[in-house]
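S.K.: Below: one structure in structure tokens.
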Amino acid sequence: MLVITIGGVETFDEETNQFSSTKKQEVSMEHSLVAVSKWESKYNKPFLSKENKTVEETRDYIFFMIKTPGVTFETISSLSDAQLMEINDYVASDQSATTFGNMPSRSGVGEIITSELIYYWMVAFNIPWDCQKWHINRLFALIRICNIKQQPNKKMPRHEVAARNAELNAKRKAEHKTKG
């Protein structure tokens, strides 16, 4: 979860010659399946596409990420560039210690990922509904692990088994200084 402080900025209105300040507010937000689902409901297109988002679409998504009650859309409009960068970095972060190593990449055009597809994966893998509130990249890591663990073990081809055994035998012969 990302917590940022919004507001607390003092401005000067030259027309009225008066200072005004905005209320300082701590806001909690989560890049989650719930936020993605709300955004897709509004825009009727996949959020997790490579298509660039407009400023309005981005601000709406940030608003959907907010978990703190009572935060208005106007509050989001006062985000600084530094805060927007912080939110962007948070959205891009893995939020998981899991690594997948050198997995083969799929070639060709992939499936369009929407919130409904992610919910399907959650149902298919019996992932608890509370996980929809996790950082979405962490949820993707869990889904990927479930998918890997449910695959049958791949058998090694005979030539690879023979080569591995020959290598192990040679190593053992060298360790024990024997000829076989």
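S.K.: Among the residues that make up segment 1-16, is at least one of them under 16 Å from residue 136 (Cβ atoms), modelled with pLDDT of 80 or more and part of a strand (DSSP E or B)? Break it down stepwise before answering.
M.R.: We begin by selecting, within segment 1-16, every residue under 16 Å from residue 136 (Cβ atoms); these are 1-2.
When the remaining residues are screened for being modelled with pLDDT of 80 or more, the result is 1-2.
This time we only want the ones that are part of a strand (DSSP E or B), so: 2.
Yes, that holds for at least one residue.
S.K.: In addition: Out of the residues in segment 125-155 meeting the condition of being in a helix (DSSP H, G or I) and touching a Cys at 6+ places or on another chain (Cβ under 8 Å), tell me which one is surrounded by the fewest Cβ atoms within 10 Å (Cβ to Cβ). Steps first, answer last, please.
M.R.: So the first thing to find is which residues in segment 125-155 are in a helix (DSSP H, G or I), and the list is 129-133, 136-149.
With the extra rule that they be touching a Cys at 6+ places or on another chain (Cβ under 8 Å), the set shrinks to 139, 142.
On the way: 139: 23, 142: 17.
Across segment 125-155, the extreme among qualifying residues is 142.
S.K.: Do any residues in segment 33-58 that are more than 28 Å from residue 127 (Cα to Cα) have Cβ atoms under 9 Å from those of residues that are of a type in the set (Asp, Glu) and surrounded by 10 or more Cβ atoms within 10 Å (Cβ to Cβ), where the two are at least six apart or on different chains, and which pairs are they?
M.R.: 53/60
S.K.: Moving on to the next point. Can you tell me which residue is surrounded by the most Cβ atoms within 10 Å (Cβ to Cβ) among those in segment 18-41 that are in a helix (DSSP H, G or I) and aliphatic (A, V, I, L, M)?
M.R.: Here is the first cut: in segment 18-41, the ones in a helix (DSSP H, G or I) are 33-41.
Imposing the further condition that a residue be aliphatic (A, V, I, L, M) reduces the set to 33-36.
On the way: 33: 21, 34: 17, 35: 25, 36: 23.
Checking each candidate, the answer is 35.
S.K.: Here is a further query. Under 6 Å between Cβ atoms, which residue pairs at least 6 apart in sequence (or on different chains) link something in segment 1-23 that is more than 17 Å from residue 80 (Cα to Cα) with a partner that is at pLDDT 80 or above and surrounded by 10 or more Cβ atoms within 10 Å (Cβ to Cβ)?
M.R.: If the second residue must be at pLDDT 80 or above and surrounded by 10 or more Cβ atoms within 10 Å (Cβ to Cβ), the pairs left are 1/28; 1/30.
S.K.: Let me ask you something else. State whether the residues of segment 102-112 include one that is surrounded by 10 or more Cβ atoms within 10 Å (Cβ to Cβ) and not aromatic (Phe, Trp, Tyr).
M.R.: The initial filter retains those residues of segment 102-112 that are surrounded by 10 or more Cβ atoms within 10 Å (Cβ to Cβ), namely 112.
Narrowing the set further to residues that are not aromatic (Phe, Trp, Tyr) leaves 112.
The answer is yes, given that some residue of segment 102-112 is surrounded by 10 or more Cβ atoms within 10 Å (Cβ to Cβ) and not aromatic (Phe, Trp, Tyr).
S.K.: Looking at segment 87-96, can you tell me whether even one residue there is touching a helix residue (DSSP H, G or I) at 6+ places or on another chain (Cβ under 8 Å) and under 16 Å from residue 25 (Cβ atoms)?
M.R.: Taking every residue of segment 87-96 in turn, at least one turns out to be touching a helix residue (DSSP H, G or I) at 6+ places or on another chain (Cβ under 8 Å) and under 16 Å from residue 25 (Cβ atoms).
S.K.: Oh, and also: Name the single residue that is surrounded by the most Cβ atoms within 10 Å (Cβ to Cβ) among those in segment 42-100 being of a type in the set (Asp, Glu) and part of a loop (DSSP other than H, G, I, E, B). Please lay out each step first, then the result.
M.R.: First pass over segment 42-100, keeping only residues of a type in the set (Asp, Glu): 51, 56-57, 60, 74, 81, 86, 89, 94.
Still in the running and part of a loop (DSSP other than H, G, I, E, B): 51, 94.
Values: 51: 9, 94: 12.
The residue in question is 94.
The values are calculated or read from the model by the stated rules, or taken from the named source; none is laboratory data. It should be emphasised that the depicted structure is a prediction, and the values quoted were computed from it without experimental measurement. Here the Cβ is made from the backbone with ideal geometry for all residues, glycine too, and neighbour counts use every protein chain on show.
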